[in-house]
Structures are given as structure tokens and as C-alpha cells.
Amino acid sequence: MTIQLPDFQGGIRAYEPRQEPLAVTPGSPFTSRTVFSAAHVVADPYADTSPDSPAAVDWDATLAFRRHLWSHGLGVAEAMDTAQRGMGLDWAGAAELIRRSAAEARGVGGRIACGVGTDQIAAGSLVEVRAAYEEQLAVVEESGAQAILMASRTLAAAAKGPEDYLEVYGHLLRQSAEPVILHWLGPMFDPALEGYWGSSDLDAATDTFLEVIAAHPDKVDGIKVSLLDARREIDIRRRLPQGVRCYTGDDFNYPELIAGDEKGFSHALLGIFDPLGPLAAEAVRVLDTGNVAGFRELLDPTVELSRHLFQPPTRFYKTGVVFLAWLAGHQSHFTMVGGLQSARSLPHFARAYELADGLGLFPDPKLAEERMKNLLDLYGVAQ
């Protein structure tokens, strides 16, 4: 049996789907690495919404997906950019997501960390930025989740230089109840974050970032670096104070960064570990035994899919993530918050399907094939 897929040259090619999924089973948390999957939200396909209206979330399906991740030993990074913060999910929706997911985590014993930002305001002074961060930090801490201090578009617009970042982050770290994760999200994920930490020169920005951490090492559990630059992450990792973790957010180079070298390794907080959850968990358990080669053998082949999903414009990677969740049977539809299911092309979807199927990511390959054919039919591709 074959399926006819469009290519990037305007043609059609035959593909023979895989018949059996990759054999993976749920398991206990990991021992050698701390690993979070940044999870997507499932939209309510029956809600009468528009791209400008508040998000309508299917809470049952959204929470079921988190239980799926927890069952494989992964932590959940909640209300991050994978959940469409600032791209369809407003602060009111994010706050509800945080509360619901944190309660679900307590019920199943799952690890959870939640994003703290300033997206309830579109613009403001440094005082207003700080107050917005404080409001969201209080919601996360009251939920019992760990806080992830996310990069702020509003701070990027309001800050005049590195000293403003040092002041705002220093204030937040001093008042945080527990150690937080600091997130440096690069402009490839969000163009509004260009020049974060007070400079477009990444060396200067890195120095400021590390200065924030060095001033408050007891309040920083770790950092998440999302710059898609393995060499820079390794350099930052080696300069961290003792006890501060590096969580890779590099969806292009994660196998080598998690595996590490003689001077250290990265933990993980990755959007690609949403569709790769069970396979990634299996790989990390192999790494727990000390088998680095076995870990790389499992995870290296996934990089082609990840680079495909995160290709420019990188901020639309969420579309591919939700598309694969639909094909895998984690949700009954391919509808996204804000209508972002339209953000990628049919050839992009076809290649994502082919790569994911080749990896054995679909628990029911036949279901994935049928759903892919339904999408192709919608676009007029005859089978």
C-alpha cells in the first residue's frame, strides 16, 4: 500500500507507510538527566472563535496529552511558547492552563514547571513590566509548580540597556520562593526578542545573562537556552556557577548537547519532545545506563524531523507539532488556537508525516495514514 504525497517541486511521489510503530513502553523518571517536554494545547474545534478572540481550549484532550507525557517519565513544561503563548493563548488562558495542569500533576505525581511572562500587557514601563512578571509568578507559585522566567517582549521594548535587565531579573529572583529556570528565547522563535539582555551582540548579551545568574545562584535552578547554536550553549554551560543546570532548548542539536562531553552535559526542555516524547524517553533511559552510543543511535535519527518542523519561520513550529499529535491519535482534529493550522504548507505536512512515520512515532500507523489521506483529499491530492 502506498500514499501519494506532494513534494517541494510541485510534483507527487509515492510513499509506502510503515506498518508497525516503534516499540516503547511507559516507564519511571530518569536518573541521569532532567527532561521536560514543552507541551502544546488542544483547541476546541467546535467553538465559534476567530483569530482575534480568546482561545477556546479542549481541556480534557489537553490534560490527557500531559498525562501521556508523564506516563513516559517526562516532565511537562507548561504554558511555554509551544502552548502558543503570545500566538493565540492570552494570559487568562495561560493562567487557567497553569492551574489545571498543576492540579493534574499533583494527582498523578508528575513533574511540572510553568512559564512566567508579561503577556497580560502589550507595552509598559519597567515598573509595569516588573509588576506583570510578579502577577504571573504568584499564579505559578500558588499552583505549586516550578517557575520558568520567560523572555518578555515588553521588557525587550522598554529596556534601555543591560542594567535594566539586571534590575528586573534581580528583583524577581530575590522574591521568588523557590529556584527558577531562566529562559533565553532567541529571535528566531520570536522576532520581538531581538537584542534581549540589552544587546544584539550575543557575546555581550551572554555576559549580562551570566551576570544575572552569578548574582543569584541560589535562586536559579537552571537556564534554558533556545538559540539554536550548540557551540554557544556549550560555552554558557561551562561558565555556569556550580549547581546551576543547563536545559537545552536547541531543537537542532539536542542529542549531542544532552549526551555531553568530558566537561559536562545539558538537561533538556524541548518543544520537539512533544511529538518525540516516548522515543525521547526511551533514549534517555538508555543514557541512564551509561550507554551514550545507544542513546545517540535512538535520538540522532530524529534530528531531521526536528529541523524540518523548526525550519524558518521557526515560530510556526507549533503547527507541525499539533499536526503530528493529530496523526498520532492524541486529538481528534487538526485545529489550532488562533487558526495556526494554516501556517505551514501541504508539502511541509507531507514531509513531516513521512519523517515521523519512518521513525515509528505513530502508535497506530493505519490511523495516521487515513488521517493524512483525509488531509490530502481536502487539498485535492488524489490517491
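The values are calculated or read from the model by the stated rules, or taken from the named source; none is laboratory data. Just so it is clear, the model here is predicted, and its values are computed rather than measured. Every residue, glycine among them, receives a Cβ derived from its backbone with ideal geometry; neighbour counts consider all protein chains shown. Each accessible area value is taken on the protein alone, full model and side chains, heavy atoms only, with ligands, DNA and RNA left out. Shrake-Rupley method; radii C 1.70, N 1.55, O 1.52, S 1.80 Å.
Quick notes on this structure:
- Listed residues D364, D81, D251, most fluctuating in the chain (Gaussian network, C-alpha, under 10 Å): D364
- Area accessible to solvent at M87, 1.4 Å probe radius, in Å²: 40 Å²
- Answer label, with Rg/Rh (Cα atoms, Kirkwood Rh) calculated from the coordinates and candidates [x] 1.04; [y] 0.99; [z] 0.96: [z]
- When the chain is treated as a GNM with alpha-carbon contacts under 10 Å, the residue of A325, A83, A47 showing the greatest mean-square fluctuation is A47.
- Surface composition of region 130-178: carbon plus sulfur atoms contribute 47% of the solvent-accessible area (1.4 Å probe, protein chains only, all chains present).
- Entry comment: accessible area of region 186-260 is 38 Å² per residue, from protein heavy atoms only and a probe of 1.4 Å.
- Given their separation in residues at 0.36 nm each and the Cα-Cα distance between them, A92 and V292 gain 67.7 nm when the chain is fully extended.
- Helix content alone sets the calculated 222 nm mean residue ellipticity of the chain: runs of n ≥ 4 DSSP H residues at -39500 (n - 2.57) each, divided across all residues, give -13000 deg cm²/dmol.
- Global form of region 143-185, assessed from the alpha-carbon gyration tensor, a/c cut-off 1.5: prolate
- Separation of the Y46 and Q242 label points, Cα + 7 Å toward Cβ, nm: 5.9 nm
- Zero-based 10 Å bins, Cα pair distances in region 256-383, whole percents: 12, 41, 31, 13, 3, 0
- Relative to the globular-protein estimate of 2.2 N^0.38 Å, the Cα radius of gyration of region 120-191 stands at 1.08.
- If you take the Cα centroid of region 3-75 and the Cα centroid of region 187-232, the two points sit 28 Å apart.
- Once the 1.4 Å probe is applied to the protein heavy atoms, region 314-366 comes out at 27 Å² accessible per residue.
- Gap separating the Cα centres of region 80-94 and region 362-383, nearest whole Å: 29 Å
- Label point at D207 placed 7 Å out along Cα→Cβ; residues across region 159-182 whose backbone nitrogen lies under 12 Å: 162
- Degrees, to the nearest 10: 59-71 long Cα axis against longest axis of the chain: 80 degrees
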